[in-house]
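Participant: Quick one: the structure is below, questions incoming.
The values are calculated or read from the model by the stated rules, or taken from the named source; none is laboratory data. The structure presented is a predicted model; accordingly, all values stated were derived computationally and were not measured. Here Cβ is always computed from backbone atoms with ideal geometry, including for glycine, and neighbour counts include all displayed protein chains.
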Amino acid sequence: MAMIEIRDVNKWFGRFHVLVDCTSAVDKGEVVVVCGPSGSGKSTLIKCVNGLEPFQKGEIHVNGISVGTAGTDLPKLRSHVGMVFQHFELFPHMTVIENLTIAQEKVLGRGRDAARDKGLSLLDRVGLTEFADKHPGQLSGGQQQRVAIARALAMDPICMLFDEPTSALDPEMIGEVLAVMQDLARDGMTMMVVTHEMGFARNVAHRVIFMDQGRILEDATKEEFFGTPRSERAQTFLSKILSH
Amino acid sequence: MGPFDYTVLVPSLPFLWTGLQFSVHLTLIAMSGGIVLGTLLALARLSGPKPLSTASAMYVDLMRSIPLVMVILWFFLVIPLIIGKPVGAEYSAIITFTAFEAAYYSEIMRAGIQSVSKGQAMAGYALGMTYGQNMRLVVLPQAFRNMLPVLLTQTIILFQDTSLVYAIGAKDLLKAADIAGKNYNRPVEMYLFSAVIYFVICFSLSALVKRLQKRYAVLR
Ligand SMILES: Nc1ncnc2c1ncn2[C@@H]1O[C@H](COP(=O)(O)OP(=O)(O)OP(=O)(O)O)[C@@H](O)[C@H]1O
Ligand SMILES: [Mg+2]
């Protein structure tokens with residue numbers, strides 16, 4: 001069974017048809033990269049997966065639970081679907097370790113010490129133990145994004161969503177974040193990643209989804225995608241991206 | 001009356017002190033109650049269902065469109081009718097100021113909530129927080145911090161405005177100075193002295209606000 005199943009999803013912002021008949025699936029342990037030009041609906045699609053954006057037609061199931069159905073306990077569902085944002089969105093009024101423990105305690109109901117231990121071990125995993133008691137504002141962009149990944153992992157997610165996790169970073173910090181993500185993928189995490197880092201897609205992804213104007217135009221294994229993209233739009237897009 | 005005579009200040013100090021205490025109590029209660037109530041009004045306005053949102057907006061607009069003195073007088077007349085017994089000028093003043101200031105604090109908190117980026121709330125929801133948790137743990141603390149100087153400035157205005165309770169005879173600092181002035185037949189000295197007290201308190205608080213603003217300018 002697929003971990004994330006997206007079937008015939010349609011979404012409108014007012015009269016603007018932002019997602020058109022989107023269908024795809026992400027299997028357990030699979031890493032899927034979503035790419036496409038700006039405004040094609042990538043962020044919108046990924047936010048539909050954990051119900052941060054409502055959609056009007058179609059179905060999305062995460063681990064068998066229907067996201068769009070009225071009775072679904074969305075907070076509970078989201079608590080085990082990790083999400084990482086372009087602009088990190090760490091809580092600036094809390095220390096790094098508090099960022100990692102707050103939802104463990106308030107959402108999962110973990111004890112203080114257990115949450116702290118978990119937080120510290122994850123900080124260790126992303127190589128930032130010595131920053132535990134600093135505030136996010138004192139960290140570089142790359143460090144903040146690693147903390148954000150650790151914060152999501154602290155909830156023991158069954159899958160992770162990334163929305164352009166490196167596009168707000170200075171070039172020299174992109175590598176450290178991609179390394180953490182590559183590590184995660186190697187450990188078998190199910191990941192849906194919106195990114196233009198084609199190097200990451202080549203090295204880590206199993207499949208690539210290409211979107212344009214709200215439609216999924218390509219949904220192929222990475223070998224197929226980088227070998228011979230079938231749609232012209234994807235070819236143009238790839239040549240633009242790979243040229244710089 | 002003759003030249004200024006400040007010796008009358010000394011025997012009236014304890015009396016003025018009780019007046020000042022009431023002014024400060026009134027300010028502190030109206031501030032705390034006003035911020036809590038104002039925050040609820042702002043939340044209702046921003047994310048409540050339509051009727052609640054409209055009701056909140058109407059309440060705030062109403063309070064902000066009527067001169068405070070009239071609200072004080074009206075509440076003084078109306079509260080006993082609602083409760084069915086007289087409440088006294090002091091309690092009436094506390095209720096009035098809390099209700100009135102809530103409208104102003106609500107606008108400040110609304111701006112504060114809107115000053116927190118949408119992404120912050122998204123991050124809270126993505127971690128599984130409910131609306132209430134997200135507000136309490138993520139959005140409101142930041143809104144409050146961003147608005148602290150403005151909230152304090154409003155409180156300084158509130159403190160000055162408490163002198164209006166004089167209209168219903170509640171014994172605040174101004175009323176105490178008024179009474180003492182009459183007793184000793186030295187109204188000018190008494191009014192001047194109470195003005196100095198208002199000035200010293202408000203000026204120090206303003207200085208504090210300036211320091212806060214500087215500190216936050218550095219932090220951001
Ligand atoms: N809340 C909204 N209301 C109206 N239109 C929106 C809203 N959010 C996004 N859109 C529009 O929907 C389209 C898709 O937006 P989306 O953010 O999903 O694109 P994207 O593929 O993530 O683009 P980018 O690469 O720039 O992040 C865009 O045209 C955008 O202007
Ligand atoms: Mg986007």
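Participant: If a residue must be within 16 Å of ligand 1 (Cβ to nearest atom) and either touching an Asp or Glu at 6+ places or on another chain (Cβ under 9 Å) or within 18 Å of A:Val31 (Cβ to Cβ) (or both), how many such residues does region A:147-168 contain?
Facilitator: Total satisfying the criteria: 7.
Participant: Looking at B:Tyr166, is it closer than 20 Å to B:Leu28 by Cβ and modelled with pLDDT under 90? I'd like the intermediate steps shown before the answer.
Facilitator: Values: closer than 20 Å to B:Leu28 by Cβ: yes; modelled with pLDDT under 90: yes.
Judged against the criteria, B:Tyr166 is a match.
Participant: Something else: Looking at A:Gly227, A:Gly141, A:Gly175, A:Gly199, which is the one that is farther than 29 Å from A:Lys11 by Cα, more than 16 Å from ligand 1 (Cβ to nearest atom), small (Gly, Ala, Ser) and touching a residue at least 40 places away in the same chain (Cβ under 8 Å)?
Facilitator: A:Gly141 is the lone residue from the list that is farther than 29 Å from A:Lys11 by Cα, more than 16 Å from ligand 1 (Cβ to nearest atom), small (Gly, Ala, Ser) and touching a residue at least 40 places away in the same chain (Cβ under 8 Å).
Participant: Something else about it: Assess whether A:Phe91 counts as being within 12 Å of ligand 1 (Cβ to nearest atom) and aromatic (Phe, Trp, Tyr).
Facilitator: Answer is no for this residue.
Participant: Let me ask you something else. Looking at region A:57-81 only, could you name the residues that are at the interface with another protein chain (Cβ under 8 Å from one of its Cβ atoms) and in contact (Cβ under 8 Å) with a residue 60 or more places away in the chain?
Facilitator: Listed by number, the residues that qualify are A:Ser79, A:His80, A:Val81.
Participant: Then there's this: Within region A:149-162, does at least one residue satisfy the condition of being crowded, with 18+ Cβ neighbours inside 10 Å, more than 14 Å from chain B (Cβ to nearest Cβ) and either in contact with a helix residue (DSSP H, G or I) (Cβ under 9 Å, 6 or more places away or on another chain) or among the hydrophobic types (A, V, I, L, M, F, W, C) (or both)?
Facilitator: The answer is no, given that none of the residues of region A:149-162 is crowded, with 18+ Cβ neighbours inside 10 Å, more than 14 Å from chain B (Cβ to nearest Cβ) and either in contact with a helix residue (DSSP H, G or I) (Cβ under 9 Å, 6 or more places away or on another chain) or among the hydrophobic types (A, V, I, L, M, F, W, C) (or both).
Participant: Shifting gears a bit: When you look at A:Lys118, is it more than 16 Å from ligand 2 (Cβ to nearest atom), basic (Lys, Arg) and within 10 Å of chain B (Cβ to nearest Cβ), yes or no? Spell out how you get there, then give the answer.
Facilitator: Working: more than 16 Å from ligand 2 (Cβ to nearest atom): yes; basic (Lys, Arg): yes; within 10 Å of chain B (Cβ to nearest Cβ): no.
Considered against the rule, which asks whether it is more than 16 Å from ligand 2 (Cβ to nearest atom), basic (Lys, Arg) and within 10 Å of chain B (Cβ to nearest Cβ), A:Lys118 comes out as no.
Participant: Within the group B:Ile29, B:Ile72, B:Ile94, B:Ile35, which residue is under 22 Å from B:Ala111 (Cα atoms), modelled with pLDDT of 90 or more and either in a helix (DSSP H, G or I) or not hydrophobic (A, V, I, L, M, F, W, C) (or both)?
Facilitator: Exactly one of B:Ile29, B:Ile72, B:Ile94, B:Ile35 is under 22 Å from B:Ala111 (Cα atoms), modelled with pLDDT of 90 or more and either in a helix (DSSP H, G or I) or not hydrophobic (A, V, I, L, M, F, W, C) (or both), namely B:Ile35.
Participant: Can you name the residue in region A:181-196 that is more than 14 Å from ligand 2 (Cβ to nearest atom) and not hydrophobic (A, V, I, L, M, F, W, C) and is also nearest to A:Leu45 (Cα to Cα) among such residues?
Facilitator: A:Thr190
Participant: Of (1) touching a Leu at 6+ places or on another chain (Cβ under 9 Å); (2) within 27 Å of A:Ala150 (Cβ to Cβ), B:Ala143 satisfies all except one. Which?
Facilitator: Condition not satisfied by B:Ala143: (1).
Participant: What helices (runs of 4 or more DSSP H) completely inside region B:115-220 contain at least 2 residues that are surrounded by fewer than 20 Cβ atoms within 10 Å (Cβ to Cβ) and polar (S, T, N, Q)?
Facilitator: Passing ranges, in order: B:140-161, B:187-219.
Participant: Identify, please: which residue in region A:7-56 is within 14 Å of chain B (Cβ to nearest Cβ), within 12 Å of ligand 1 (Cβ to nearest atom) and not in a loop (DSSP other than H, G, I, E, B) and is, among those, surrounded by the most Cβ atoms within 10 Å (Cβ to Cβ)?
Facilitator: A:Cys48
Participant: Further question on the same structure: For region B:76-84, does any single residue satisfy the condition of being within 19 Å of B:Ala102 (Cβ to Cβ) and in contact (Cβ under 8 Å) with a residue 12 or more places away in the chain?
Facilitator: Yes, region B:76-84 contains at least one residue that is within 19 Å of B:Ala102 (Cβ to Cβ) and in contact (Cβ under 8 Å) with a residue 12 or more places away in the chain.
Participant: Does at least one position in region B:181-194 carry a residue that is farther than 27 Å from B:Ile66 by Cβ and within 14 Å of chain A (Cβ to nearest Cβ)?
Facilitator: For region B:181-194, residues farther than 27 Å from B:Ile66 by Cβ and within 14 Å of chain A (Cβ to nearest Cβ): absent.
Participant: Only one of A:Val62, A:Val96, A:Val126 is of a type in the set (A, V, I, L, M, F, W, C), crowded, with 18+ Cβ neighbours inside 10 Å and in contact with a strand residue (DSSP E or B) (Cβ under 6 Å, 6 or more places away or on another chain). Can you tell me which?
Facilitator: A:Val62
Participant: When the residues of region A:57-74 are filtered to those that are part of a strand (DSSP E or B) and in contact with a Gly (Cβ under 8 Å, 6 or more places away or on another chain), which remaining residue is nearest to A:Met1 (Cα to Cα)?
Facilitator: A:Ile60
Participant: Go through (1) acidic (Asp, Glu); (2) outside any helix (DSSP H, G or I); (3) buried (at least 16 other Cβ atoms within 10 Å of the Cβ); (4) more than 11 Å from every other protein chain (Cβ to nearest Cβ) and name the single condition A:Glu176 misses.
Facilitator: Among (1) acidic (Asp, Glu); (2) outside any helix (DSSP H, G or I); (3) buried (at least 16 other Cβ atoms within 10 Å of the Cβ); (4) more than 11 Å from every other protein chain (Cβ to nearest Cβ), the lone unmet condition for A:Glu176 is (2).
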